[in-house]
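Student: Take this structure, written in structure tokens, and hold onto it; I'll ask about it next.
The values are calculated or read from the model by the stated rules, or taken from the named source; none is laboratory data. Keep in mind it's a predicted model, so treat the numbers as computed, not measured. Glycine also receives a Cβ, built like all others from the backbone with ideal geometry; neighbour counts cover every protein chain displayed. The area values use the complete protein model at the heavy-atom level, side chains included, leaving out ligands, DNA and RNA. Shrake-Rupley method; radii C 1.70, N 1.55, O 1.52, S 1.80 Å.
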Amino acid sequence: MELFSESLIVIGRVCSILPLLLVVTLFMGKRSIGELPVFDFMVIITLGSVAGADIAEPNVHHIPIAVAIVTLGVLQRIVSQWSVVSRRFGKMVTFEPTVVYYNGEFLVDQLKKIRYSLDNVLQMLREKDIFDLAEIDMAIIEANGRLTVLKKSAQQTVTRQDLQIKTASTGISLPVIIEGKICAEVLTYRERDENWLLQELNKNGVAVEQVFLATLNRQNDLLFFEQHPKHQRQVPPVHH
């Protein structure tokens, strides 16, 4: 009987807390659901924890939980409003955009600074239908963690396809070196061997250990990026 009564209490709390969560979330606005800035993410996580504790623990007092949920919603609304009014405050409660690729070079230090791996960036590029790094001019990790890409001018507006000029596809560029490690299976797939790869690198005076990433496209054109380029390019300052 006690178990049945506790179950009824939990059902009643679910039926009462979910509408309250819906009202508070709608009050917080679309911004809290879409991009999820840092503070909004914290609020969403906290809301879930508070609501979960209220639903799962019949002994927890219901009214204080409801007050906590309303307080979180109001606090998020205040912070989001301050972020709009004060640019300085807005920058304090979120991340700055980070340029991770610019003008033919991976910015390794920038990637390490935001703790993004090469695999993370390559995956996000593929999600944007970019399979050849030669197509892009700049890539930025935005404050919400998403990747924004600026393609080279040759890849924008009018293309060879728009002009109905037939051209062979370069296909997907496969990594043959990742952070100084050779991917032998990719060389085999592209019908090349390690000696060929070393000769190509030697032509440019680069050792395998110095390579952050090297790729081969369908035409077996080698594109590589050094871990520590000899000539550091000046990166354009990108802000919110």
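Student: Ordering T215, T94 by accessible area with a probe of 1.4 Å, largest first, what comes out?
Tutor: So the residues, ranked largest to smallest area, are T94, T215.
Student: Continuing with this model, one more query. Can you tell me the alpha carbon radius of gyration of the range 38-99 divided by the globular rule-of-thumb value 2.2 N^0.38 Å?
Tutor: Numbers: Rg = 14.9 Å, N = 62, 2.2 N^0.38 = 10.6 Å.
Dividing the Cα radius of gyration by 2.2 N^0.38 Å gives 1.41.
Student: For the range 169-215, what relative contact order do you get, as a whole percent, if you take Cα pairs closer than 8 Å and at least 6 residues apart? All intermediate terms of the calculation are to be shown ahead of the outcome.
Tutor: Working: 49 pairs, mean separation 25.1, N = 47.
53 percent.
Student: Separate question: Multiply the residue gap between N59 and K113 by 0.36 nm, knock off their C-alpha separation, and tell me the result in nm, one decimal place.
Tutor: In short, 14.9 nm is gained.
Student: Could you give the length gained by full extension between L223 and E209, i.e. 0.36 nm per residue of separation minus their alpha carbon distance, to one decimal place?
Tutor: Stretched fully, the L223-E209 segment lengthens by 3.5 nm.
Student: Give the long-range amide H neighbours of F212: residues separated by 5 or more places, or on another chain, with amide H under 5 Å away, using H modelled in the peptide plane at 1.01 Å from N.
Tutor: Residues meeting the amide H criterion: F225, E226, Q227.
Student: Amide H to amide H, which residues 5 or more places from K151 or on other chains are under 5 Å from it, using H placed in the peptide plane?
Tutor: D137
Student: Sticking with this one: Hey, what do the phi angles of the range 180-188 turn into as Karplus ³J(HN,Hα) couplings, whole Hz, using 6.51/-1.76/1.60 and θ = phi - 60°, x for Gly and Pro?
Tutor: x, 10, 7, 9, 4, 5, 5, 4, 5
Student: So what's the net charge close to T148: Lys and Arg +1, Asp and Glu -1, counting the other residues with Cβ under 10 Å from its Cβ?
Tutor: Local net charge: +1.
Student: Restrict the search to the range 88-155; then list the trypsin sites (Lys or Arg not before Pro) that DSSP places in a loop and that have at most 10 other Cβ atoms within 10 Å of their Cβ.
Tutor: Listed in order of number, the matching sites are R115.
Student: With θ set to phi - 60°, apply the Karplus curve 6.51 cos²θ - 1.76 cosθ + 1.60 along the range 61-76 and write out the HN-Hα couplings as whole Hz, x wherever there is a Gly or Pro.
Tutor: Values per residue, Gly and Pro as x: 5, 6, 5, x, 5, 4, 4, 4, 5, 5, 4, 4, x, 5, 4, 5 Hz.
Student: Which entries in the list K91/K113; K128/K152; K151/K203; K151/K181; K113/K181 go over 26 Å, if you measure between the two C-alpha atoms of each?
Tutor: Going by Cα-Cα distance, K151/K203; K151/K181 fall outside the 26 Å limit.
Student: Leaving ligands, DNA and RNA out of it, work out the accessible area of L75 with a 1.4 Å probe and give it in Å² to the nearest 10.
Tutor: Accessible surface of L75 is approximately 80 Å².
Student: All other residues with a Cβ under 13 Å from the Cβ of V186 taken together, and with Lys, Arg as +1 and Asp, Glu as -1, what is their net charge? Walk me through the intermediate numbers first.
Tutor: Numbers: positive: K181, R190, R192, R218; negative: E185, E191, D193, E194.
Once positives and negatives cancel, what remains is 0.
Student: Non-local amide H neighbours of C183 (under 5 Å, H modeled in plane, Pro and chain starts lacking H): which ones?
Tutor: Here the answer is I177, I178, since their amide H atoms fall under 5 Å of that of C183.
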